[in-house]
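The values are calculated or read from the model by the stated rules, or taken from the named source; none is laboratory data. Not measured: the values here are computed from a predicted model. When we count neighbours, we look across all protein chains shown, and the Cβ atoms used for this are built from the backbone with ideal geometry, even at glycine.
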Amino acid sequence: MTTEVTTAPRAAARDRLLAAANELFYAEGIHTVGIDRIIERAGVAKASLYNTFGSKDELIVAYLRSRQARSQGRITAAIERNDEPRARLLAVFEAQSESFADPAFRGCAFANANAESEAGSVVEHVSGEYRRWLRALLVELAQAAGVSDAEVFARRLHLLYDGAMLSARMDHDAQAASTAREAAEIMLDAALAA
């Protein structure tokens, strides 16, 4: 029973710290937001941050991993709403459209964090994990849809995906994912006809 009492407050502090980091890092940047602001927003003692995460860098990693889990969940859910392989492949853009509709949308959390970080940093490593996951998923979906060179096709789709993300953020184009989906459909038709 002692473990439950000790773990519950720590879990609550961890959740509050992550929620504060998610809000502030995503809105303002991982390096411009100081630990004191996160602690204040989370309503925890400074020791809670260090006891839970050890350092700001580890909090940044936890923030990015939580964004990764959320993105993967959203994309997976969109894919699973479809049975037909073609629709499953194009559903990636439907998931993207859902994120663009969020009033708090500020672009790709991984691209934003990478822009602030040095090459070879832990941020680059975590961001790379997410990008490799997405690329592997696109390859798998392209293969299931019958595309013969799924690796090349997935790379092209990933570029469309990235471009839509950039357009949605920088051009405030809420329709960017729909436009990217239309382009992906044309590419898919051409790949299947080849």
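What to note about this one:
- Entry remark, region 109-133: residues being out of contact with any Ser or Thr (no Cβ under 8 Å at 6 or more places or on another chain), in a helix (DSSP H, G or I) and either surrounded by fewer than 20 Cβ atoms within 10 Å (Cβ to Cβ) or of a type in the set (S, T, N, Q) (or both) number 10 in total.
- Contact annotation: residue pairs with Cβ atoms under 6 Å, 6 or more positions apart or on different chains, pairing a residue in region 18-36 that is free of Cβ contacts under 8 Å to residues at least 24 places away in the same chain with a partner that is surrounded by 14 or more Cβ atoms within 10 Å (Cβ to Cβ) and assigned to a loop (DSSP other than H, G, I, E, B), are Leu24/Val33.
- Helices (runs of 4 or more DSSP H) (entirely within region 1-95) containing at least 2 residues that are modelled with pLDDT of 95 or more, among the polar types (S, T, N, Q) and surrounded by 15 or more Cβ atoms within 10 Å (Cβ to Cβ): 56-80
- Unique match (being of a type in the set (S, T, N, Q) and farther than 24 Å from Ser66 by Cα) among Gln143, Gln96: Gln143
- Among the conditions (1) touching a residue at least 12 places away in the same chain (Cβ under 8 Å); (2) out of contact with any Asp or Glu (no Cβ under 7 Å at 6 or more places or on another chain); (3) among the basic types (Lys, Arg), the only one that Arg132 does not satisfy is (1).
- None of Ser121, Ser167 is more than 17 Å from Val61 (Cα to Cα) and of a type in the set (S, T, N, Q) except Ser167.
- Boolean, Leu137 is closer than 19 Å to Glu84 by Cα and within 15 Å of the chain's Cα centre (by Cα): yes
- The listed residue being within 30 Å of Ala142 (Cα to Cα) and not small (Gly, Ala, Ser), out of Leu18, Leu64, Leu49: Leu64
- Boolean, Leu192 is at pLDDT 95 or above and either surrounded by fewer than 19 Cβ atoms within 10 Å (Cβ to Cβ) or among the aliphatic types (A, V, I, L, M) (or both): no
- Figure legend. Inter-residue proximity from region 38-53: first residues under 19 Å from Arg65 (Cα atoms), second residues of a type in the set (A, V, I, L, M) and assigned to a loop (DSSP other than H, G, I, E, B), beta-carbon distance below 7 Å, spacing 6+ or different chains. No pairs are indicated.
- Among the conditions (1) assigned by TED's automatic domain parsing to the domain that holds Thr179; (2) surrounded by fewer than 15 Cβ atoms within 10 Å (Cβ to Cβ); (3) assigned to a helix (DSSP H, G or I), Ser99 misses just one, which is (2).
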